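Below you'll find the structure, written out as structure tokens, and then a few comments.
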């Protein structure tokens with residue numbers, strides 16, 4: 001049995017009359033890739049936000065590697081080993097791609113020396129290698145602002161992975177990119193995840209991506225998991241096909 | 001880049017030659033450089049997208065520290081008085097920073113303004129300590145152990161200030177290129193992401209706040225010694241506004257902008273006041289509008305950067 005990395009237990013959160021999490025529970029094991037699917041407003045992003053510290057649940061707990069992280073701040077959780085990427089890439093737009101990664105490297109290493117130039121970070125080569133892995137070496141010196149959405153998605157994920165997290169949450173890693181780009185992004189991403197043996201939980205609307213890259217699928221409805229299992233099992237379920245996939 | 005360096009070297013030589021070729025402008029230029037130090041402090045915060053309308057407080061802290069120490073007749077040298085002023089300003093900023101760096105944008109600007117105005121009032125009201133609205137006179141201290149006459153003192157004080165400016169510009173330039181400096185840019189562009197990288201943006205801003213106040217205190221100390229007088233107006237919001245004005249005029253994109261802006265501002269102010277006494281503020285206002293319209297990156301970017309991607 002693989003080690004449990006994350007255990008979210010009975011999370012509940014309401015915004016006024018809206019139930020965003022209604023007893024949501026999920027367990028992730030080391031090295032797993034779990035896809036979270038479900039209709040809009042089902043509470044998928046809320047779940048990610050709770051697990052990464054952006055939102056605090058009214059009840060329930062998030063246990064990461066045996067430690068309760070429910071009430072911790074996002075930066076404490078990030079330092080503890082959980083990375084995340086966003087539905088809309090959250091990047092330092094005025095900085096170059098390489099500088100974005102070097103800032104993540106400095107964050108991970110705690111290297112904030114005021115006399116050291118960022119571009120001469122002693123471990124800068126590691127980030128050059130990462131640029132190579134995600135196929136963005138050619139644009140390393142360009143400001144992020146100038147790059148298309150697909151590349152920004154990759155950089156956003158790369159920032160999370162640069163922290164060398166043991167668990168990474170990705171909110172719709174292929175949304176807003178062309179159907180041609182999405183598999184290329186996911187292939188690159190899975191290669192990087194496998195390389196670092198990182199557990200991944202990703203919210204996804206594209207069922208081709210889910211069936212191809214997820215080990216396990218959790219169907220979210222009404223702020224909790226309605227069904228959980230292998231992609232074949234879940235994606236062939238009549239209710240899921242009717243209410244989530246829409247066929 | 002090489003041309004920029006050459007241009008910078010020529011500009012530096014031109015400034016350094018002023019006491020020889022235009023001796024009557026020496027004091028004016030020393031004042032400009034002193035103010036430039038305070039402006040550089042504002043520029044550091046602008047890197048994080050934060051404007052302080054209260055840096056007059058730290059400028060005054062540096063100036064009054066120098067004045068108090070001189071009045072105490074401890075016989076301290078200029079080279080000790082200046083770091084003392086910077087230190088006191090830094091200590092105040094570090095203490096107040098725990099509170100100020102929680103705020104952003106207009107709230108950050110206003111909280112700084114409010115505290116500087118409290119300081120202004122105290123400097124005005126505590127007459128027995130601060131000299132009230134009249135301020136305090138600052139007797140000419142020794143410089144590097146030498147007791148100099150007025151003209152010699154002004155001459156050497158200029159070069160002392162210039163040397164400080166060069167060292168400060170190099171140090172601050174390195175700081176802004178370091179992870180801490182780039183962290184400031186990151187605060188400006190995406191604080192959320194910074195937090196999700198496990199970084200405390202408040203801590204990065206707090207350090208910058210201390211650095212910024214240190215520079216303002218150093219500048220205030222220079223002005224106190226050069227002009228021989230300190231007054232509550234040093235902490236007044238108009239003075240803080242001037243620093244922001246000059247930072248925008250010179251350009252917040254690089255360290256040189258603070259000093260270029262300050263020199264231009266001081267020259268325009270002196271000449272505009274002499275030749276158009278009733279309209280000199282109008283002239284300054286129109287100059288700033290022109291800069292914002294035609295060179296939004298500031299004076300130095302007109303020369304140094306044709307079209308640069310970032311700051």
Convex hull of Cα atoms in chain B, direction-averaged projection (nm²): 16.3 nm²
For chain A, what is the mean residue ellipticity at 222 nm derived from helices alone (per DSSP H run of n ≥ 4: -39500 (n - 2.57); sum divided by total residues; nearest 500 deg cm²/dmol)? -10000 deg cm²/dmol
With only helices counted (DSSP H, runs n ≥ 4, each -39500 (n - 2.57)), the per-residue ellipticity at 222 nm for chain B, to the nearest 500, works out to -25000 deg cm²/dmol
How would A:203, B:43 line up from fewest to most surrounding beta-carbon atoms within 10 angstrom? A:203, B:43
Euclidean distance between Cα centres, segment B:66-100 to segment A:98-130, Å: 35 Å
Can you say what percent of the DSSP beta bridges in chain A, counting only those with both residues inside, are antiparallel? Round to 5. 55 percent
Relative contact order of segment A:4-245, pairs being alpha-carbon contacts under 8 Å that are 6 or more residues apart, as %: 28 percent
Report relative contact order for segment A:1-126 in percent, whole number only (criteria: Cα-Cα under 8 Å, sequence separation at least 6). 20 percent
Segment B:4-28 versus segment A:142-162: alpha-carbon centroid distance in Å: 45 Å
Given the options A:138, A:106, A:59, which has the most mean-square fluctuation in a GNM of chain A, springs set between C-alpha atoms less than 10 angstrom apart? A:138
Each residue of A:76-84 has, on average, a number of other protein chain C-beta atoms within 10 Å of its C-beta equal to 3
Across B:258, B:224, B:119, the residue with the highest GNM fluctuation in chain B (Cα network, 10 Å cutoff) is B:119
Compute log10 of I(q)/I(0) for segment B:26-104 with the Debye formula, placing one identical point scatterer on every Cα and leaving out solvent, at q = 0.17, 0.18, 0.22 Å⁻¹, to two decimals. -0.75, -0.83, -1.10
With 10 angstrom as the radius, rank B:121, A:184 by how many other C-beta atoms surround their C-beta, starting from the fewest. B:121, A:184
Write down the radius of gyration of the protein assembly as shown and its Dmax, each obtained from C-alpha positions, in Å. 28.5, 96
Based on the alpha-carbon gyration tensor of chain A, what equivalent-ellipsoid semi-axes (square roots of 5 times the eigenvalues) come out, in whole Å, largest first? 31, 21, 16
Contact order relative to length for segment B:22-237, counting C-alpha pairs under 8 Å separated by 6 or more residues, stands in percent at 48 percent
Quick check on segment B:43-179: what does the Kirkwood estimate of hydrodynamic radius come out to from the alpha carbon pairs, in Å? 16.9 Å
GNM top mover of A:127, A:207, A:151 - chain A, alpha-carbon springs below 10 Å: A:207
Can you tell me how much longer the chain between residue B:16 and residue B:275 gets when fully stretched, taken as 0.36 nm per residue apart minus their C-alpha distance, in nm with one decimal? 90.6 nm
Could you work out, residue by residue across B:199-208, how many beta carbons of other chains sit within 10 Å of that residue's beta carbon, and then give the average as an integer? 2
Using only Cα atoms, tell me the angle between helix A:124-133 and the longest principal axis of chain A; keep it within 0 to 90° and round to the nearest 10. 50 degrees
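A short reminder: the numbers here are calculations on the coordinates, not readings from a lab. What you see is a predicted model, and the numbers here were worked out from it, not measured in a lab. Counting neighbours? That spans all protein chains shown, and the Cβs are built from the backbone with ideal geometry, glycine included.
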